[in-house]
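Right, one structure below, let's go through it.
Laboratory data are not the source of any read-out in this text; all were calculated from the coordinates shown. Nothing here was measured: the structure is a model prediction, and the numbers come from that model. Cβ: placed from backbone, ideal geometry, glycine included. Neighbour counts: every protein chain shown.
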Amino acid sequence: MRTTFKKWFWIWQLPKEEAWINEMADHGYGLVAAGRITFEFEDIDPGKYGYKELFMKGDFSSEKIRDFLSFMEDMGFQNVAHVSYPDHTVIYLRYENNGEVPEIYSDLDSKIEYEKTLCHFLIPLGIFNILAWVYNMAVWIDFMIKGYPRAIQFISFINLAIAIMIFAKVGNKYQTIKELKQERAIHE
Amino acid sequence: MPQQALTEAVYYILLSLQKPLHGYGIIQNVDELSKGRVKLAPGTLYGALNTLVEKEWIDALPENPESRKKEYVLTASGRTVLKEEIDRLSELVDNGKRLLEES
């Protein structure tokens, strides 16, 4: 039987989303499809499968991603769903659960590159939200001067709030990258 | 210019590819060679294999119709790199042993 759940995760909350999907699998719900806010599950033996999520540069149909998924399939990871973003894709992989949580990347360089992928996606998004906020505030000020206050422009503070969240996350990611680089300078 | 040190993952991948192997075979071989100490994750292996093919240190063999899995093998330049790395590692070990024995 298939069951659909609606749940919202920000794009930078993939580890949280992955933990939730694995928790669902432990309760007998195996992910079979995903959208931005919808997750479709089918009944499975509880804990039979584990899931990994990856944020990758490129379209799902690109040669790069197809080749990677084919390689991962040989490694025992089956692609069960994906969600597309501009020039990026979130990949959902399923593996037979043997009690160990497999890592996708074991070396520091790959981990650094992976963290950078999300940063490079988030930074233009943050800048876009800042620009949208500035533009809407300018329009609002213009209307105020002309004597036609339009409170609707204040909705643009949502853009500001999103931009702040994005840049906070980017800062967080760059701290992780810095720590990984320090680790690499010693151990690799 | 002296050769840069190889990462442990690349060193073991090159060492494993003296005979043709596919990805999963490499992971198993590295695990066996390092007595379980080096665990190559698939994403890391995928990136490393692509880089090594680009550098022509390994070759991707034409796909076998019986098995979808792509196999890789060490090239002559890969073997040279591996030998240089072994010399470099030997120097590190010899110097380490000598200086520790002297102190």
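Under the condition of being part of a loop (DSSP other than H, G, I, E, B) and not aliphatic (A, V, I, L, M), which residue from segment B:12-35 is surrounded by the fewest Cβ atoms within 10 Å (Cβ to Cβ)?
Step one: of segment B:12-35, the residues part of a loop (DSSP other than H, G, I, E, B) are B:17-20, B:34-35.
Restricting the remaining residues to those that are not aliphatic (A, V, I, L, M) gives B:18-20, B:34-35.
Working: B:Gln18: 13, B:Lys19: 10, B:Pro20: 15, B:Ser34: 14, B:Lys35: 7.
If we take residues in segment B:12-35 being part of a loop (DSSP other than H, G, I, E, B) and not aliphatic (A, V, I, L, M), then B:Lys35 is surrounded by the fewest Cβ atoms within 10 Å (Cβ to Cβ).
Limited to segment A:26-69, what total is found for residues that are free of Cβ contacts under 8 Å to residues at least 40 places away in the same chain and part of a loop (DSSP other than H, G, I, E, B)?
Qualifying residue count for the region: 11.
Can you find even one residue in segment B:54-63 that is assigned to a helix (DSSP H, G or I), among the basic types (Lys, Arg) and away from every other protein chain (no Cβ under 14 Å)?
Taking segment B:54-63 and keeping what is assigned to a helix (DSSP H, G or I), we get B:54.
Then keep just the ones that are among the basic types (Lys, Arg); that gives none.
No, segment B:54-63 contains no residue that is assigned to a helix (DSSP H, G or I), among the basic types (Lys, Arg) and away from every other protein chain (no Cβ under 14 Å).
Say whether the condition of being away from chain B (no Cβ under 14 Å) and under 30 Å from A:Gln182 (Cα atoms) is met by at least one residue in segment A:127-137. Before the answer, list the steps.
So in segment A:127-137, the residues away from chain B (no Cβ under 14 Å) come out as A:127-137.
After this cut, where a residue has to be under 30 Å from A:Gln182 (Cα atoms) as well, the list is A:127.
Within segment A:127-137, one or more residues are away from chain B (no Cβ under 14 Å) and under 30 Å from A:Gln182 (Cα atoms).
Six or more apart or on different chains, Cβ under 7 Å: which pairs go from a residue in segment B:21-42 that's within 22 Å of B:Arg68 (Cα to Cα) to one that's among the acidic types (Asp, Glu) and part of a helix (DSSP H, G or I)? Could you list them?
B:His22/A:Asp74; B:Gly23/A:Asp74; B:Tyr24/A:Asp74
Would you confirm, using the coordinates I've provided, whether A:Met72 is hydrophobic (A, V, I, L, M, F, W, C), assigned to a helix (DSSP H, G or I) and facing chain B (nearest Cβ under 10 Å)? Talk me through it step by step, then tell me what you get.
Working: hydrophobic (A, V, I, L, M, F, W, C): yes; assigned to a helix (DSSP H, G or I): yes; facing chain B (nearest Cβ under 10 Å): yes.
When the stated conditions are applied, A:Met72 passes them.
Just name the residue that is farthest from A:Asp107 (Cα to Cα) out of those in segment B:64-98 that are assigned to a helix (DSSP H, G or I) and hydrophobic (A, V, I, L, M, F, W, C).
Going residue by residue through segment B:64-98, those that are assigned to a helix (DSSP H, G or I) are B:76-98.
Keeping just the survivors that are hydrophobic (A, V, I, L, M, F, W, C) gives B:76, B:81-82, B:86, B:89, B:92-93.
Details: B:Ala76: 26, B:Val81: 20, B:Leu82: 19, B:Ile86: 21, B:Leu89: 20, B:Leu92: 22, B:Val93: 23 Å.
In this case the residue turns out to be B:Ala76.
A:Ala132 versus (1) surrounded by fewer than 18 Cβ atoms within 10 Å (Cβ to Cβ); (2) within 17 Å of the chain's Cα centre (by Cα): which is the lone unmet condition?
(2)
Does B:Leu40 qualify as being within 12 Å of the chain's Cα centre (by Cα) and closer than 20 Å to A:Arg184 by Cα?
Values: within 12 Å of the chain's Cα centre (by Cα): yes; closer than 20 Å to A:Arg184 by Cα: yes.
In short, yes.
Out of contact with any Lys or Arg (no Cβ under 7 Å at 6 or more places or on another chain), assigned to a loop (DSSP other than H, G, I, E, B) and of a type in the set (Val, Ile, Thr): does that describe B:Val38?
In short, yes.
List pairs: first in segment A:88-105 and touching a residue at least 60 places away in the same chain (Cβ under 8 Å), second surrounded by 16 or more Cβ atoms within 10 Å (Cβ to Cβ) and among the small types (Gly, Ala, Ser), Cβ under 8 Å, 6+ apart or cross-chain?
Once the first residue is touching a residue at least 60 places away in the same chain (Cβ under 8 Å) and sits in segment A:88-105, its partners that are surrounded by 16 or more Cβ atoms within 10 Å (Cβ to Cβ) and among the small types (Gly, Ala, Ser) give A:Val90/A:Ala34; A:Tyr92/A:Ala34; A:Tyr92/A:Ala81; A:Arg94/A:Gly30; A:Arg94/A:Gly50; A:Asn97/A:Ala25; A:Asn97/A:Gly50.
Any residue at all in segment A:5-19 that's in contact with an Asp or Glu (Cβ under 9 Å, 6 or more places away or on another chain) and part of a strand (DSSP E or B)?
yes
Please state which of the following conditions A:Glu100 fails to meet, knowing it meets all the rest: (1) buried (at least 19 other Cβ atoms within 10 Å of the Cβ); (2) farther than 21 Å from A:Asn172 by Cα; (3) within 14 Å of chain B (Cβ to nearest Cβ).
(1)
(1) loosely packed, with under 14 Cβ neighbours inside 10 Å; (2) over 16 Å from B:Tyr24 (Cβ atoms); (3) touching a residue at least 24 places away in the same chain (Cβ under 8 Å): which one isn't true of B:Leu74, the others all being true?
Exception for B:Leu74: condition (1).
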